Amino acid sequence: MSRLGLRAIALGYLAALLVAPVALIFYRAFEHGFGAAWSAVTTPDALHALQLTLLMVVVAVPLNTVFGVACALLLARRRFPGKALIDALIDLPFAVSPVVVGLALILVYGRTGWLGQALADNGIRVIFSTPGMIIATIFVSLPFVVREVVPVLEELGVEQEEAARTLGASQWQVLTRVTLPSIRWGVGYGVVLTTARAVGEFGAVAVVSGRLAGQTETLTLLVESRFERFDLVGAYAASVVLALISLAVLVGMTLIQRRKVA
Amino acid sequence: MIVLLPLAAVVARSTDGGLDGFWRAVSSREAVAALRLTLIVSVAVVAINAVMGTLIAWVLVRDEFPGKRVVSAVIDLPFALPTIVAGVTLLALYGPKSPLGVNIAFTRVGVALALLFVTLPFVVRAVQPVLLALDREMEEAASSLGASPLTTFRRIVLPNLRPAIVAGASLAFARALGEFGSVVLISGNVPFKTEVAAVFIYAQIGNDNVTGAAAVSVVLLALSLLLLASVSRLGKRRHDE
């Protein structure tokens, strides 16, 4: 009985908090027919927002993957002064509020920021335009790959790499033939998490974007501005697009997790 | 360039008007109200999710039922779902047009609900692996010596789980302190009532009061750094044992 009771409490809590709200917006988005939802996500503004969100992913995810793997190799395989400090700093983006991230970027790259004058002199605009939004996205999704890969590397040990080296493999061959293949699922998991965050980031991007519809508006910003304008069907439809992406992310996470365990 | 320099700029900007200016900005009535609300709601939310998270982890590890794999995947939904969508979904079900006839929009309960949503996975994911690795012989010994299930849980299982619960709760707390996207629509940003620290900072940036925004940011930063440091200390201690 108590086992059933606990199960009921756990599932009830999850249903009320997670499943029911998400299920309801799917219903609400399609309430007025599939056509209404479809035309809400194919307006010029919506298509532009989708494009911009994809741009964030295409730039931020590869950069953070390369940086993440390099950083993880450094942290797991080398000893150097200041290692503990870097180890702690890597997690910093998780601990900082997205709004603070946005503010911080404005204070460096904005018009009156530390680098603002130099950038303006060279005609480069970072804040209130795409580069700033990309930097914000990179900032908030920085730690995922590092955090997933470091434990995999530590578990793996160095025997195989040393064996390859004694057999005459070059540094590069060891990396591409031994190390990278063994950490690929860890990297994959990190990439999935990075992608989810890059697609879903709201606070940091909202601060640095300046919210110009059709110019610096990502999908998440579009959801908010539509909701504020009481365009509920439009907001729900765009939310459904984002929710579908996150469902894909969940499926990816589950599949990779199974691979990692096996 | 991307992480350290900008954060240094925040700290520098917060003391633009000297320490006096910093103190004035942080101790303004609206800032204090926002910080206090953030702390109180975060503590409450983390306490609820520490209990519920442990319970859910227990059910996922020790119980068997059809669809368990799906439920386990659903736990990560708050990590995968954009925070603004989380806010929209919660408002759709519990907001002004709620089919249930409740309305949590622009209330502190609504703020708490949003934070419960986004912080749910932390404790579950921290406790689950520890519970899986836990030797059941101790529990069997306890119950064969006549301990009730509740006593066994309280005296045997809970002490073993405590470090994981604390670690998960600290991460959840750090997340709750800075949360913005899921809260911004639900709270309605009523100063002194539902305005949390992150929303306050956002409003100050909009009002061009950058120094005030930076000052409150520094308070948030200091709090989360403290949490981060204590979590890594905990992790190291467990590692050493």
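Before moving on, here are some points about what is shown:
- Restricting attention to the stretch A:1-38 and to residues that are hydroxyl-bearing (S, T, Y) and surrounded by 11 or more Cβ atoms within 10 Å (Cβ to Cβ), the residue that is farthest from the other protein chains (Cβ to nearest Cβ) turns out to be A:Y27.
- Selection within the stretch A:50-71 - surrounded by 14 or more Cβ atoms within 10 Å (Cβ to Cβ) and within 15 Å of A:P131 (Cα to Cα): A:L52, A:T53, A:L54, A:L55, A:M56, A:V57, A:V59, A:A60, A:V61, A:L63
- A:Y189 being within 22 Å of A:A36 (Cβ to Cβ), touching a residue at least 24 places away in the same chain (Cβ under 8 Å) and crowded, with 20+ Cβ neighbours inside 10 Å: no
- Counting residues in the stretch A:165-174 that are of a type in the set (F, W, Y), surrounded by fewer than 19 Cβ atoms within 10 Å (Cβ to Cβ) and part of a helix (DSSP H, G or I) gives one or more.
- Any chance A:E228 is among the acidic types (D, E), under 30 Å from B:D208 (Cβ atoms) and within 18 Å of the chain's Cα centre (by Cα): no
Residue-by-condition table, conditions (1) over 28 Å from A:L85 (Cβ atoms); (2) touching a residue at least 60 places away in the same chain (Cβ under 8 Å):
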| site | (1), (2) |
| --- | --- |
| B:A114 | yes, yes |
| B:F117 | yes, yes |
| B:F122 | no, yes |
| B:D135 | yes, no |
| B:G168 | no, yes |
| B:F173 | no, yes |
| B:V183 | yes, yes |
| B:G206 | yes, no |
| B:A222 | no, no |
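- Check on B:V130, surrounded by fewer than 24 Cβ atoms within 10 Å (Cβ to Cβ), more than 28 Å from A:V205 (Cβ to Cβ), within 7 Å of chain A (Cβ to nearest Cβ) and not aromatic (F, W, Y): no
- Residue satisfying all of: in the stretch B:90-110; part of a helix (DSSP H, G or I) and not aromatic (F, W, Y); farthest from the other protein chains (Cβ to nearest Cβ) among these: B:R108
- Residue ID - modelled with the highest pLDDT, chosen from residues in the stretch B:230-241 that are in a helix (DSSP H, G or I) and loosely packed, with under 13 Cβ neighbours inside 10 Å: B:R233
- Count - residues of the stretch A:98-128 that are surrounded by fewer than 19 Cβ atoms within 10 Å (Cβ to Cβ) and facing chain B (nearest Cβ under 7 Å): 1
- Among the candidates B:V59, B:V85, the residue that is farther than 29 Å from A:G200 by Cα, within 9 Å of chain A (Cβ to nearest Cβ), touching a Leu at 6+ places or on another chain (Cβ under 8 Å) and buried (at least 19 other Cβ atoms within 10 Å of the Cβ) is uniquely B:V59.
- Residue count for the stretch A:200-226, restricted to those that are assigned to a helix (DSSP H, G or I), surrounded by fewer than 22 Cβ atoms within 10 Å (Cβ to Cβ) and touching a helix residue (DSSP H, G or I) at 6+ places or on another chain (Cβ under 7 Å): 0.
- Within the stretch B:70-106, being under 18 Å from B:F180 (Cβ atoms) and polar (S, T, N, Q) holds for B:T83, B:T89.
- Any chance B:T38 is among the polar types (S, T, N, Q), within 26 Å of the chain's Cα centre (by Cα), part of a helix (DSSP H, G or I) and closer than 30 Å to A:S2 by Cα: no
- Every condition in (1) farther than 21 Å from A:L250 by Cβ; (2) of a type outside the set (V, I, T); (3) in a helix (DSSP H, G or I) holds for B:F122 except the one numbered (1).
- Extreme residue, nearest to the chain's Cα centre (by Cα), among residues of the stretch B:23-35 that are surrounded by fewer than 21 Cβ atoms within 10 Å (Cβ to Cβ) and not polar (S, T, N, Q): B:L35
The values are calculated or read from the model by the stated rules, or taken from the named source; none is laboratory data. Since we're looking at a predicted model, the values are computed, not measured. No Cβ is skipped: glycine too gets one built from the backbone with ideal geometry, and neighbour counts run over all protein chains shown.
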